[in-house]
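Trainee: Starting off with a structure, shown below.
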Amino acid sequence: MTRILPNDQEDTQEVVVPLSAEQVQELRKRQPLLSVWRVVGVQVIVGLLLALGVGWVSGQASVARSALFGSASVILPAALFARGLTGRLASANAGAAVFGFFLWEMVKVGLTVAMLFAAPRLLNDLSWPAMLAGLIVTMKVYWLALGMRRVFYPATN
């Protein structure tokens with residue numbers, strides 16, 4: 001199929017030059033890969049701090065447990081997702097990596113929903129606001145990972 005370009009555009013193609021090994025190393029130093037396990041670790045810390053803070057402010061252990069359960073509803077599926085993505089099979093080839101990403105993302109979402117549905121049965125005196133606060137605050141760690149380079153990315157040498 002022939003493509004007709006507007007009069008003001010030229011039919012030019014960009015030439016893509018592959019990077020040399022030294023250029024790739026320099027690029028990796030400037031833009032290191034995000035560590036999924038660091039994100040999960042910070043989620044654990046944030047979840048624990050939130051549960052302690054909510055328990056201290058409310059003075060009720062049940063509210064702290066609810067906040068902790070909300071955080072765990074994000075942390076446990078995220079840890080399972082990270083384990084699935086960093087496994088040997090996930091890096092076998094590009095197709096396996098893409099399939100693995102979508103598979104583990106579906107598992108993560110499904111496990112989170114299952115944990116939220118199980119919450120009223122597992123916690124006798126569930127505090128919905130505290131549980132949702134734990135869920136939302138722990139989820140927001142993903143956004144922090146995009147902006148806080150020093151915490152989430154490995155140190156550059």
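Trainee: Output the residues belonging to the stretch 19-37 that are under 28 Å from LEU80 (Cβ atoms) and β-branched (Val, Ile, Thr). Can you show your working first?
Mentor: Keep residues of the stretch 19-37 that are under 28 Å from LEU80 (Cβ atoms), which gives 28, 31-37.
Result: VAL36, single match.
Trainee: So ASN124 clears everything in (1) outside any helix (DSSP H, G or I); (2) surrounded by 12 or more Cβ atoms within 10 Å (Cβ to Cβ) except one condition, right? Which one?
Mentor: That leaves (2) as the condition not met.
Trainee: Can you find a residue that is touching a Ser or Thr at 6+ places or on another chain (Cβ under 8 Å), crowded, with 19+ Cβ neighbours inside 10 Å and either at pLDDT below 95 or not polar (S, T, N, Q) (or both) anywhere in the stretch 144-153? Reasoning before the result, please.
Mentor: Of the stretch 144-153, the ones touching a Ser or Thr at 6+ places or on another chain (Cβ under 8 Å) are 152-153.
Subsequent filtering for residues that are crowded, with 19+ Cβ neighbours inside 10 Å retains 152.
Filter once more, keeping what is either at pLDDT below 95 or not polar (S, T, N, Q) (or both): 152.
Scanning the stretch 144-153 turns up at least one residue that is touching a Ser or Thr at 6+ places or on another chain (Cβ under 8 Å), crowded, with 19+ Cβ neighbours inside 10 Å and either at pLDDT below 95 or not polar (S, T, N, Q) (or both).
Trainee: Looking at the structure I just gave you, is LEU85 of a type in the set (A, V, I, L, M, F, W, C), touching a residue at least 40 places away in the same chain (Cβ under 8 Å) and surrounded by fewer than 21 Cβ atoms within 10 Å (Cβ to Cβ)?
Mentor: On the way: of a type in the set (A, V, I, L, M, F, W, C): yes; touching a residue at least 40 places away in the same chain (Cβ under 8 Å): yes; surrounded by fewer than 21 Cβ atoms within 10 Å (Cβ to Cβ): yes.
Yes: the conditions hold for LEU85.
Trainee: Give the residue, chosen from GLN9, GLN43, GLN13, that is under 28 Å from TRP128 (Cβ atoms) and either surrounded by fewer than 19 Cβ atoms within 10 Å (Cβ to Cβ) or at pLDDT 80 or above (or both).
Mentor: Working: GLN9 fails: under 28 Å from TRP128 (Cβ atoms); GLN13 fails: under 28 Å from TRP128 (Cβ atoms).
Among GLN9, GLN43, GLN13, only GLN43 is under 28 Å from TRP128 (Cβ atoms) and either surrounded by fewer than 19 Cβ atoms within 10 Å (Cβ to Cβ) or at pLDDT 80 or above (or both).
Trainee: Sticking with this structure for a sec: Among ALA118, ALA114, ALA130, which is the only one that is assigned to a helix (DSSP H, G or I) and surrounded by 14 or more Cβ atoms within 10 Å (Cβ to Cβ)?
Mentor: On the way: ALA118 fails: surrounded by 14 or more Cβ atoms within 10 Å (Cβ to Cβ); ALA114 fails: surrounded by 14 or more Cβ atoms within 10 Å (Cβ to Cβ).
Result: ALA130 is the single residue among ALA118, ALA114, ALA130 that is assigned to a helix (DSSP H, G or I) and surrounded by 14 or more Cβ atoms within 10 Å (Cβ to Cβ).
The values are calculated or read from the model by the stated rules, or taken from the named source; none is laboratory data. Bear in mind the structure is a predicted one, so any value in this text is a computation, not a measurement. Virtual Cβ from ideal backbone geometry, glycine too; neighbours counted across all protein chains shown.
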